[in-house]
Amino acid sequence: MDTITDIQGFGVHRDQIDVSDFDILAGYVDRESWQEENVSRGSDGSVVIRLSNSQRISVLDHQERGDSFEEYVMDLFVF
């Protein structure tokens, strides 16, 4: 599992999580159905994204966004 500790979703240096090469939406009706099955919250408030059976990304909530952090992270994805 890779961990992102300082994601930034605004400004000139806005981060993006480009997963377009993985074709991870194949087999899903839409992004929301993929997200429901593959995105979860860690016990530390992080967002954990399953890209495949063996690949995961954990994104730490260093800005303490709480309940809105998952959508904040998902807005940075490029499918």
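The values are calculated or read from the model by the stated rules, or taken from the named source; none is laboratory data. The model shown is predicted, which means the values in this text are computed figures rather than measured ones. FYI the Cβ positions are ideal-geometry reconstructions off the backbone, even for glycines, and counts take in every protein chain you see. Accessible surface areas use protein heavy atoms only, side chains included; no ligands, DNA or RNA. Shrake-Rupley method; radii C 1.70, N 1.55, O 1.52, S 1.80 Å.
Calculated mean residue ellipticity at 222 nm for the chain: -4500 deg cm²/dmol, from DSSP H runs with n ≥ 4 weighted as -39500 (n - 2.57), summed, divided by the residue count and rounded to 500. Would you please classify the overall shape of the chain from the alpha carbon gyration tensor, given that a ≥ b ≥ c denote the square roots of the eigenvalues, rounded means a/c under 1.5, and beyond that prolate means a/b larger than b/c while oblate covers the rest? Prolate. Among residues other than VAL73 with Cβ under 12 Å from its Cβ, the summed charge is -3 (Lys and Arg +1, Asp and Glu -1). Net charge of the neighbourhood of ARG41, taken over other residues with C-beta under 10 Å away and scored Lys/Arg +1, Asp/Glu -1, is -4. Counting protein heavy atoms only, the chain has 43 percent of its accessible area on carbon and sulfur, 1.4 angstrom probe. Electrostatic tally near TYR28: other residues with Cβ closer than 15 Å to its Cβ, Lys and Arg +1, Asp and Glu -1, net -3. With the Cα gyration tensor of segment 5-45 giving a ≥ b ≥ c as the square roots of its eigenvalues, does the rule (a/c under 1.5 for rounded; else a/b larger than b/c for prolate; else oblate) give rounded, prolate or oblate? Oblate shape, in that a/c is at least 1.5 and b/c is the bigger or equal ratio.
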